[in-house]
Structure formats: structure tokens, C-alpha cells
Amino acid sequence: MTMERRDFLLKSGMMAAFGVMSQNMIGATAFSPPLADPLKPVLLPSLPPLENNGGMDIRVWVHSAMTNGLFSSVECAVAPKLMGPPPHYHLELDELMYVAEGTASILIGDDIVEVQAGGWHLRPRMIKHTFFNASDKPLRFYDMYFNQPFEEYLERIFHELTPENGWVEGSDEKNREMGKLNEKFGLVFPSGAFEQQREIINQFGLK
């Protein structure tokens, strides 16, 4: 590799990391916003750790709108012995997880890895994955999202499409709405995903 090419790659990598390369250079997505004003400082006051309330819940910390669509982040709390979503992959979304409490079990491809508190896990797009809490202790982690406002998807599922808001679990109406969301955000359940989820539930004694 010539010095000129190496210097270009180093400089372009640094520019991409700080979000100053054009969208044409780093690859625009369906959710790529137009070039916007410079980012503004945002202060996020501390809050008590999110509670799982015997199940699973999310809290958005960083909204995509705060970062001109570059990044968002949510906190997720998971009760002991609880299964996550069916195995799936994303067409455009890259995810980075930081485990703050407990141990996250991650299906990545067809392998299962454990990420303990203080550990990180990167899940690039197009790779089948899911997560679950196989332990007897609560799990709490932060997910970071790149390339699309995936926090909007999660807020819709966890806090809007609820029985309290008239969305009956398993109803045709809710299933249609979920299908629209999955298509909009490029979330794909591959063949056998629901059967594999059931196998994981049985293997680890999950709810």
C-alpha cells in the first residue's frame, strides 16, 4: 500500500467516525437525513436504573433527532429467565450493546455467546441474532443504533402498541401494524426463526 493510499484511508476513517463525510461517501440508507445543521450540545440528567417490572422494558436516552440521524441509544431491562425477540436480522441497522448489569446471552448466527457486565457486543447488519437472559439475575444493557432511528420502532412496540392502548396481543390489527413496522425498519425474520426461538426457550428454561 502506498503512503498516499494509507494516508487517505486513515484520514477518511477518522472523518467517517466523526460523521463529517458526505452521505454519498459513507453510504446513505433509507433513513439518511439531509445534511443538517451542526450538532448541538445535549445534557441528559442521570436517572435511576430502569426496572424490568417482571418482564422487559426500554427507555430512550439518545434520540436520532439529537444527532442529525447519526446515532441513538436505549436502555433495556430484562427480567431473569426471559426470552428476547425471535431471531432476526436488519437490512440497514448496525447495533452495539454495552451490558451494565447481569449477563446477556446473544445468539449470533447459530452460536450463543455470553456478554457479562462491562462487556460490549457489536452486531452488524444482515447477521441473524437475538438476545435473552438465561440467568437468575436481572439483565440491563444499553443498545446503540446507527444508520436509522430504531428507537422509534422500540418505543412504538413497548409503549404504544399495548393492551392499555387498545392493541390486543395476537390480534390481526396488531399483527398488521407490526408487519408495517418490520418492513419500514428493515427487520427480517428468516425461515425457522420462531421455531428456533422456541428451542432456545426450552433449552434454557425461559419464559
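Sub-7 Å Cβ pairs linking a first residue in region 131-152 that is at positive phi to a second residue that is in a strand (DSSP E or B), at least 6 apart or interchain, are 147/94, ordered by first then second residue. Scanning region 52-92 for residues that are out of contact with any Phe, Trp or Tyr (no Cβ under 9 Å at 6 or more places or on another chain), modelled with pLDDT under 95 and among the small types (Gly, Ala, Ser) yields one hit, 65. Residues in region 90-104 that are crowded, with 18+ Cβ neighbours inside 10 Å, outside any strand (DSSP E or B) and over 11 Å from the mean Cα position of the chain (by Cα): 92, 102.
Taken as a whole, region 166-173 holds no residue that is within 13 Å of the chain's Cα centre (by Cα), over 18 Å from residue 57 (Cβ atoms) and assigned to a loop (DSSP other than H, G, I, E, B). Only one of 157, 127 is β-branched (Val, Ile, Thr) and either crowded, with 18+ Cβ neighbours inside 10 Å or assigned to a helix (DSSP H, G or I) (or both). Can you tell me which? From the options 157, 127, the qualifying one is 157.
With respect to the conditions (1) part of a strand (DSSP E or B); (2) in contact with a Phe, Trp or Tyr (Cβ under 9 Å, 6 or more places away or on another chain), residue 122 falls short on a single one, namely (2). When 203, 197 are checked against the criterion of being in a helix (DSSP H, G or I) and surrounded by 15 or more Cβ atoms within 10 Å (Cβ to Cβ), a single residue qualifies: 197.
A residue that is over 20 Å from residue 51 (Cα atoms) and touching a Pro at 6+ places or on another chain (Cβ under 9 Å) cannot be found anywhere in region 119-126. For region 131-154, how many residues are farther than 18 Å from residue 92 by Cβ and either under 13 Å from the mean Cα position of the chain (by Cα) or surrounded by fewer than 19 Cβ atoms within 10 Å (Cβ to Cβ) (or both)? The total comes to 7. What's the number of the only condition in (1) touching a Ser or Thr at 6+ places or on another chain (Cβ under 6 Å); (2) surrounded by fewer than 16 Cβ atoms within 10 Å (Cβ to Cβ); (3) small (Gly, Ala, Ser) that residue 64 fails to meet? The failed condition is (2).
Any residue in region 176-187 that is assigned to a strand (DSSP E or B) and modelled with pLDDT of 95 or more? Yes, region 176-187 contains a residue that is assigned to a strand (DSSP E or B) and modelled with pLDDT of 95 or more. Number of residues in region 138-154 that are in a loop (DSSP other than H, G, I, E, B) and modelled with pLDDT of 95 or more equals 2.
One line per residue, one yes/no per condition, for (1) of a type outside the set (S, T, N, Q); (2) surrounded by 12 or more Cβ atoms within 10 Å (Cβ to Cβ):
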| site | (1), (2) |
| --- | --- |
| 43 | yes, no |
| 52 | no, yes |
| 76 | yes, yes |
| 88 | yes, yes |
| 116 | no, no |
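Candidates 82, 107: the one that is touching a residue at least 60 places away in the same chain (Cβ under 8 Å), over 16 Å from the mean Cα position of the chain (by Cα) and within 21 Å of residue 138 (Cα to Cα) is 82.
Scanning region 155-195 for residues that are farther than 19 Å from residue 124 by Cβ and aliphatic (A, V, I, L, M) yields 157, 161, 168, 178, 181.
The values are calculated or read from the model by the stated rules, or taken from the named source; none is laboratory data. Small disclaimer: the values here were computed from a predicted structure and weren't measured. Heads up, the Cβs are rebuilt from the backbone with ideal geometry, glycines too, and the neighbour counts pull from every protein chain shown.
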